[in-house]
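As structure tokens, the structure follows; a few thoughts come after it.
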There are 2 protein chains.
Amino acid sequence: MGGLYWQKGQPNQARERNLYDLLIHERTFSRLEARLKPLAEQIAPYTLNDSSEFRRPWGSEGSKGVIAYGNTDAFFSPAVRDFVKAVYATPRLAWFQSIAAGLDNEFLQKVGQKAEIYTVSHVQAHAIAEWVLWAAFDFFGEGAARRRSQQDRKWQKVPFREVGETRWLIYGFGHIGENVGRRLKALGAHVTGVRRSSAVSPFADHMLHPDQLTEEEIGLADAVLLCCPLTTATENLADANFFSAMSPSSLFLNVGRGPLVDEDALVVALDGGRPAHAALDVTRQEPLPPGSPLWGHPAITLTAHTAPTTAGTDRRNDEQFLENLSSFLAGKPLRHEVDAEAFKAQSSVYGT
Amino acid sequence: MGGLYWQKGQPNQARERNLYDLLIHERTFSRLEARLKPLAEQIAPYTLNDSSEFRRPWGSEGSKGVIAYGNTDAFFSPAVRDFVKAVYATPRLAWFQSIAAGLDNEFLQKVGQKAEIYTVSHVQAHAIAEWVLWAAFDFFGEGAARRRSQQDRKWQKVPFREVGETRWLIYGFGHIGENVGRRLKALGAHVTGVRRSSAVSPFADHMLHPDQLTEEEIGLADAVLLCCPLTTATENLADANFFSAMSPSSLFLNVGRGPLVDEDALVVALDGGRPAHAALDVTRQEPLPPGSPLWGHPAITLTAHTAPTTAGTDRRNDEQFLENLSSFLAGKPLRHEVDAEAFKAQSSVYGT
């Protein structure tokens, strides 16, 4: 078992001159050990397990600074507070690899200000796109009515809509929007993207600037998906006016951030039958309190910010971390580096 | 209102020499009227509504024989018995357009023996593929656990599997198999097809002859889908041995015909945890009696032979009917004609 965090007071000569410390969850380390071992002359792993125990599998404390891998194992560990404290305590945070796309929480903001290099990840877009398809197939496929028929032991036809025949409006056409759009297009659906960049995408039939988005366009959509950054411009984007423009047979989905939606207005809108249903993986307050009316609303499908939570996401994050680690040690640019500017005004950014 | 079925006893001179009668549901006729009108010199519609009323929107009984369009409106009408009687009663059934892929019921067999030309349809493969994806996303996406968490108002992560990361075995690689395979490949899944024809398909990673299917191959699959014809060779294809070869974390799906599955063996297999879950749109006895143990089994998702039931299927069937009607009147070959041989021995065929 290693020391508590970093030996701030130790004289330099006790440290290995050419080593970076690598702060990493023990389970992640076990998974990657064989691929980290060849880098033993450059990195000294410092592992943390769920029982808050730090260990040094090899090497001793380095003098070149700390690399930290803030992944699912670390962030959702019972020992997350120790992980955070260790990151805060390092005298020199050379590089922080996050597995989040967003920067919109206090810890990530502080880390971003402290880190010399900060990288984000967009690989969760694959899993999030699968969550979107799950919600879409269940809504358009009349999953609730099918389950009710089965429960009632009633052999009855339940006509449904094909996702491939639907028209989508995807607000925010970054990594998530593109991953959703690519799958929907393959299924035959019609996709309209909304983003500030005017660049076309092979995964959208057409692209709008946010200023071009009309109520008519919203009303044409069978499904409206929010997956844009949370900024001062997008907070409460989906409000009473927005919902009143939606089709009464449509599905509203949010996988971005809770505050994109005026939740009170959403409940009123659903009660009024427009849109027909909402699927939410994010809420304004997380964890959502048990007393929230969102939980029990018959027209809401709600999951606990869980859309990225797959083995595929973990594997893709590990691959990106290892690729970035190799670039870092070779002094090359990393994938998805975040400009330091992004940490000066939290409300203006989300992702890269 | 027209006469009751056909005026068998009427002398020939009362009939219009160059007309075919078109037996069609009134609702279908209304939908297609504008596109049928230009054919008024060749066809005389004879419509049937849900109240068992026959009408002649134009023309009088023809002498050239009867064309019948056996679609959803007709087959699932309260007046279906009148539709069937009218088909049986026609002295000359020149062409019957079915919207079913299969021939495996008594009525279709009798019609096939009577009709000079009999055509089937495979357009329902699109909707059926959507049903398969719905069942797959809900199983691999942990839909049941997600709904339970919401019901219990518990904000908890539910890790899930991406459909795009799964490996599929699709038994029967005709229209349905190809439509499922195409969508799965677009999502990133691995697809193995099983069919008697050795032809490769762009929608499968590899193709096996039924004789090449090993228990090991079955065990590799995360999902096994049956969508093959029901024949003496495939009846009870999925039996106790088949299920015992499946992976304990796998999904079994049947959209073919109920008798492909030994249902007693399936229940025992699910109780033993192998496969993990079954999704069935067809059962041995349809409608499934309320007392069947399939209804209430916690590891079974069951729908009422409803996978093809979409507006898209109706529209595609209408398009195929109109295309075939135009070919028929021009004396050209029709799409998906069934060889008369197929109606001589029911158990040897299913679809074309």
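Just so it is clear, none of the values below were taken in a lab; they were calculated from the coordinates. In this text the structure is predicted, and so the values were computed from the model without any measurement. Here the Cβ positions follow ideal geometry from the backbone for every residue, glycine too, while neighbour counts run over all protein chains shown.
Region A:87-141 and region B:184-250 have their alpha-carbon centroids 38 Å apart.
Copy B relates to copy A by a rotation, and the B residue whose beta-carbon is nearest that axis, with the distance in whole angstrom, is B:A186, 2. Placing +1 on the Cβ of every Lys and Arg and -1 on the Cβ of every Asp and Glu, with nothing else charged, gives region B:125-302 a dipole about its Cα centre of roughly 700 debye. When DSSP beta bridges are restricted to pairs lying wholly in the protein assembly as shown, around 5% turn out antiparallel. Each residue of region A:199-206 was assigned a 3J(HN,Hα) from its phi angle through the Karplus expression (A = 6.51, B = -1.76, C = 1.60, θ = phi - 60°), giving 4, 6, 9, x, 9, 9, 6, 7 Hz with x at Gly and Pro. Based on C-alpha pairs under 8 angstrom that are at least 6 apart in sequence, region B:126-254 has a relative contact order of 22 percent. If R0 equals 41 Å, the separation of the Cβ atoms of A:R315 and B:D50 corresponds to a calculated FRET efficiency of about 0.15. Highest mobility in the GNM of chain A, judged by mean-square fluctuation with C-alpha springs under 10 Å and restricted to A:G188, A:G219, A:G172, is found for A:G188. In the elastic network of chain A, a GNM with C-alpha springs shorter than 10 Å, the most mobile of A:N324, A:N179, A:N18 is A:N18.
Mind checking which of A:L32, A:A125, A:N324 is farthest towards the positive end of chain A's charge dipole, using Cβ charges of +1 (Lys, Arg) and -1 (Asp, Glu) about the Cα centre? Highest projection toward the positive end goes to A:L32.
Per residue of peptide B:278-289, the mean number of Cβ atoms on other chains within 10 Å of the residue Cβ is 1. Let a ≥ b ≥ c be the square roots of the eigenvalues of the Cα gyration tensor of region B:125-302; is it rounded (a/c under 1.5), or, if not, prolate (a/b larger than b/c) or oblate? Cα axes put region B:125-302 in the oblate bin. For the peptide A:143-152, the mean number of other protein chain Cβ atoms found within 10 angstrom of a residue's Cβ is 5.
Take B:P293, push a point 7 Å out from Cα through the beta-carbon direction, and compare it with the same point in every other copy: 4.6 nm, smallest first. Coupling constants for region A:220-230 follow from the phi torsions by the Karplus curve (6.51 cos²θ - 1.76 cosθ + 1.60, θ = phi - 60°), and in residue order they are 6, 7, 7, 9, 10, 10, 9, 8, 9, x, 8 Hz; glycine and proline get x. When only the Cβ of Lys, Arg, Asp and Glu is charged (+1, +1, -1, -1), the dipole of the protein assembly as shown relative to its Cα centre reaches about 220 debye. Distances, shortest first, from the label point of B:S197 to those at the same position in the other copies read 4.3 nm; the point lies 7 Å along Cα to C-beta. Legend: mean number of C-beta atoms from other chains within 10 angstrom of residue C-beta atoms, peptide B:220-231, equals 0.
Both radii were evaluated on the Cα set of chain A; the Rg over Rh quotient, with Rh as the Kirkwood radius, amounts to 1.04.
When a/c reaches 1.5 or more, the comparison of a/b and b/c decides; with that in mind, is the protein assembly as shown rounded, prolate or oblate per its Cα gyration tensor? It comes out prolate by the Cα gyration axes.
Inter-copy label distances for A:A311: 4.0 nm (label point placed 7 Å from Cα along Cα→Cβ; shortest first).
The value obtained for region B:273-352, namely the Cα convex hull volume divided by the number of residues, is 155 Å³ per residue.
The lysines within cross-link reach of B:K154, meaning a Cα-to-Cα straight distance under 27 Å and a gap of 8 or more places when in the same chain, come to none at all. The aspartates and glutamates whose alpha-carbon is closer than 15 Å to the alpha-carbon of B:K185, local same-chain residues fewer than 8 away aside, are A:E130, B:E130, B:E162, B:E165, B:D205, B:D222. Within the shell defined by Cβ-Cβ distances under 14 Å, the residues around B:N236 carry a net charge of -3, with Lys and Arg each +1 and Asp and Glu each -1. Taking amide H positions as modeled 1.01 Å from N, with prolines and chain starts lacking one, the residues under 5 Å from A:A44 and 5 or more places away or on another chain are A:Y20, A:D21, A:L22. Averaging the Cα positions of each part gives two centres, and for region A:19-39 and region B:262-325 these lie 48 Å apart. Among the helices of chain B, those built from whole DSSP H runs whose Cα atoms reach 20 Å or more along their own axis and whose mean Kyte-Doolittle hydropathy is at least 0.0 are B:124-140.
Residue by residue, region A:93-105 carries 3J(HN,Hα) couplings of 8, 6, 7, 10, 9, 9, 9, 8, 7, x, 10, 8, 9 Hz when phi is fed to the Karplus relation 6.51 cos²θ - 1.76 cosθ + 1.60 (θ = phi - 60°); x denotes Gly or Pro. Look at the alpha carbon pairs under 8 Å that are at least 6 residues apart: their mean separation over the length of chain A gives a relative contact order of 14 percent.
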